[in-house]
Amino acid sequence: MDRHPDSQHTPREAHLLVVDDEPNIRDLLASSLRFAGFEVSTAADGNGALRGIEDDAPDLVVLDVMLPDMDGFTVARRLRERDVTTPILFLTARDDMADKVQGLTVGGDDYVTKPFGLEEVVARIRAILRRTHAVEGEDDGVVRVADLVLDEDAHEVHRAGVEVELSPTEFKLLRYLMLNAGRVVSKAQILDHVWEYDWNGDAAIVESYISYLRRKVDQIDGRDGEPVTPLIQTRRGVGYMLREPKGE
């Protein structure tokens, strides 16, 4: 099993285990899900999946049906026999109703047919996690830190009762900071999760977007007309942190 080296830095987001024996699909899925903000481990076969689930207790497993040592249905059946309730999203190469019914019968939560769109996979994962309450800090797609509220489904942000207009990139950056509230995240981590996973551009772009966010989120008056308390902090030489004011 392979685990992304930054995974220990994102405990507030859901941890996924991606299981697929095709390296290209496995790597594409893993990098795309990291880009979406998840912590991701990978495995190449059924036994690796069982070990990964036992060792790391992921919040959800993305499980290919066709594996070299045992099929995904067998993996799911063994987990349920052990009373392991980890949600499972099956990947299947056949748009066959019998396969889908079997997957749900053995304990799967949903399925996606190959070839699939990455946005569909992410949407289905989020839907499962909301149903199972596996994403800490989220309730039906809403993330809250102090008087700052981010609604992922509506793509809206409110601060002290006032709506804040953000660009798509600003929204992604704020969401990442909120999911890691109370923890310092580096520029490299922000680039990994907000911009392309392997993006090698100038890290100064992070400083620019943090500045944009501060103007829109921290330098405004609330609905009561009082200035809000700044939440976004800089740790020089380390990174940035979104932190609740003391006493809240």
Please give the peptides 183-195, 106-118 ranked by average Cβ packing (other Cβ atoms within 10 Å per residue), highest first, as a rough proxy for protection.
183-195, 106-118
Amide H proximity to SER41 below 5 Å, modelled H, separation 5+ or other chain, gives LEU16, LEU17, VAL18
Taking a crude spin-label model, label points 7 Å out from Cα along the C-beta direction, the ARG82 to THR229 distance in nm is 4.5 nm
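How charged is the neighbourhood of THR234? Take every other residue with its Cβ under 12 Å from the Cβ of THR234, and add Lys/Arg as +1 and Asp/Glu as -1.
Details: positive: LYS187, ARG214, ARG235, ARG236, ARG243; negative: GLU207, ASP218.
Net charge around THR234: +3.
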Can you compute 3J(HN,Hα) from phi for each residue in segment 237-243, using the Karplus curve 6.51 cos²θ - 1.76 cosθ + 1.60 with θ = phi - 60°, rounded to whole Hz and x for Gly and Pro?
x, 10, x, 10, 8, 9, 9
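Count the net charge of all other residues whose Cβ sits under 15 Å from the Cβ of VAL84, scoring Lys and Arg as +1 and Asp and Glu as -1.
Values: positive: ARG51, ARG77, ARG78, ARG80, ARG82; negative: GLU54, ASP55, ASP56, ASP59, GLU81, ASP83, ASP109.
Its environment carries a net charge of -2.
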For GLN233, the residues 5 or more places away or on another chain with a placed amide H closer than 5 Å to its own amide H are MET241, LEU242, ARG243
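How long is the gain from ARG215 to ASP69 if the chain were fully straight, where each residue apart is worth 0.36 nm and the alpha carbon distance is subtracted?
On the way: separation 146, 0.36 × 146 = 52.56 nm, distance 5.42 nm.
Answer, rounded to one decimal: 47.1 nm.
Which of the peptides 169-176, 220-227, 34-41 is most tightly packed, and how do the rest follow, judged by the mean count of other Cβ atoms within 10 Å per residue?
Working: 169-176: 20.1, 220-227: 10.9, 34-41: 22.2.
Ranking, from highest mean packing down: 34-41, 169-176, 220-227.
Laboratory data are not the source of any read-out in this text; all were calculated from the coordinates shown. Note that the structure is predicted; figures quoted are calculated from it, not measured. Methodologically, a virtual Cβ is constructed for each residue, glycine included, from the backbone with ideal geometry; neighbour enumeration extends over all protein chains shown.
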